[in-house]
1. Rank Leu236, Pro257, Ala197 by how far each Cα sits towards the positive end of the charge dipole of the stretch 190-259 (+1 on Lys, Arg Cβ; -1 on Asp, Glu Cβ) and give me just the farthest.
2. Provide the net charge surrounding Ser58, with neighbours chosen by a C-beta distance below 13 Å and charges set as Lys +1, Arg +1, Asp -1, Glu -1.
3. Specify the inter-centroid distance of the stretch 26-40 and the stretch 227-289, based on alpha-carbon positions, in whole Å.
4. Which whole-number percent is the relative contact order of the stretch 114-252 (Cα, under 8 Å, 6+ apart)?
5. Choose one of Ala39, Phe63, Phe76: the residue whose Cα lies farthest towards the positive end of the charge dipole of the stretch 34-76 (beta-carbon charges +1 Lys, Arg; -1 Asp, Glu; about the Cα centre).
6. Can you work out the accessible area per residue across the stretch 52-160, with the rest of the protein chains kept in place, probe 1.4 Å, in square angstrom?
7. Give me the compactness ratio for the stretch 110-249, meaning the Cα radius of gyration over 2.2 N^0.38 Å.
8. Given N residues in the stretch 191-313, what is its alpha carbon radius of gyration divided by 2.2 N^0.38 Å?
Amino acid sequence: MRGPIAAQAYTARKITALTANPGCARRAVLDAAGVDKNALAARVGFDARFGQSPFAISRGNAFEELVKADGYAAMFTLLRTELGVSVREAGVADLNTVGQDTDLKLRAAETRRLLGRVTEGSDERLILDHPVLTLQVAGQTAYLEPDAVTHRIGGRFYIVEIKSFAATDGQADPGKVAEAAKQAAVYVIALRQTLLAVGLDAQEAADAVTHEFLLICPKDFANQPYGRLVDLRQKLDAIEFQLGRLDRAEDLAAMLPGDASFDLSVRRDGRPARTGRELADALDDLTAAYSPSCLDFCELAQYCRDQATTACEPARRRGEAGSGVLPVPGPGRLPGAVGGWVDSARGASGGWADAAVWCPGLRQGAAGTGAGVCVISP
């Protein structure tokens with residue numbers, strides 16, 4: 001389906017985006033297939049309008065190196081401050097590579113080996129630097145890399161996330177902290193699943209990983225590391241619930257025609273393996289569930305928004321301003337009848353207002369009782 005292009009790996013950011021809209025088969029299939037959604041959006045004429053700048057990435061990498069310098073000395077200072085840990089040093093297992101090999105499966109196996117050694121009763125103080133944890137997502141195995149996992153503190157592991165956004169006077173941007181917390185919650189769930197794989201039972205795995213994570217960021221726009229523990233219980237409940245609602249990606253992909261492809265490669269003669277029109281046709285064979293919030297996290301949101309505008313044109317004033325999004329009740333997964341509502345209402349001579357009279361779903365939407373979501377069915 002992806003052609004010869006290398007797969008894009010799952011990340012915590014992708015998983016939080018997927019769980020934010022679990023009814024979107026389009027995103028589920030593309031993420032499972034490892035398709036580069038940025039490149040795909042550009043090829044179908046809708047460049048993604050967000051992403052991290054090279055400057056921000058460089059600044060983040062430099063700050064992470066500072067935190068990890070001298071055997072995580074800065075992090076131990078924060079652990080003493082936040083958790084009262086008296087230990088001043090610990091061993092560090094660098095899992096960025098295993099014998100100079102960066103293969104994710106090999107790194108995941110080494111992570112499991114080290115976790116198994118520690119959980120067998122060893123009091124070894126060992127910090128895991130960029131461990132690779134595994135998580136089942138829509139029937140696929142995701143390989144995820146938190147910045148670090150601490151040694152056991154009070155019998156429990158802590159996820160550590162290092163971010164480059166600043167905390168000014170002890171306060172960081174709430175939106176950025178919330179996004180970091182969502183990603184950390186994914187790592188907590190993945191670490192618990194990984195501990196199951198090394199022999200712990202479900203309760204032991206849950207108890208072995210705390211529901212808080214250590215967020216480290218620069219203080220007052222300087223490079224001085226600053227840290228706070230952030231509670232994840234609400235995020236964990238939400239993400240675990242949404243992960244359980246995801247359909248298996250291969251089942252969703254079964255709706256595609258046999259010749260459907262998202263091959264973004266270029267032939268030797270310089271022509272693309274698939275034209276923009278062919279790629280768009282393949283996209284259109286996957287059901288999407290667009291809502292205005294998609295613009296915040298999905299590379300294909302502009303494409304789906306354009307489709308929603310076309311499908312729901314007369315409903316513009318009742319959905320997102322200027323977008324034509326039809327408000328129907330309930331976020332996430334929606335009844336299959338919604339696609340039927342859209343098709344039926346398109347042909348209603350009196351437009352959406354008359355359609356709402358005889359279609360209960362549209363009537364509720366017209367009353368403004370639900371979130372703005374448009375289901376785009378093949």
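1. Projecting each Cα onto the dipole axis, the largest value belongs to Leu236.
2. Local charge sum for Ser58: -1.
3. 4
4. Once normalised by length, the contact order is 26 percent.
5. Highest projection toward the positive end goes to Ala39.
6. Heavy-atom accessible area per residue stands at 48 Å².
7. Taking N as the residue count of the stretch 110-249, the ratio is 1.07.
8. In units of the 2.2 N^0.38 Å rule of thumb, it is 1.59.
The values are calculated or read from the model by the stated rules, or taken from the named source; none is laboratory data. Worth saying up front: this structure is predicted, and the values here are computed from it rather than measured. No Cβ is skipped: glycine too gets one built from the backbone with ideal geometry, and neighbour counts run over all protein chains shown. For accessibility, only protein heavy atoms count, side chains too; no ligands or nucleic acids. Shrake-Rupley method; radii C 1.70, N 1.55, O 1.52, S 1.80 Å.
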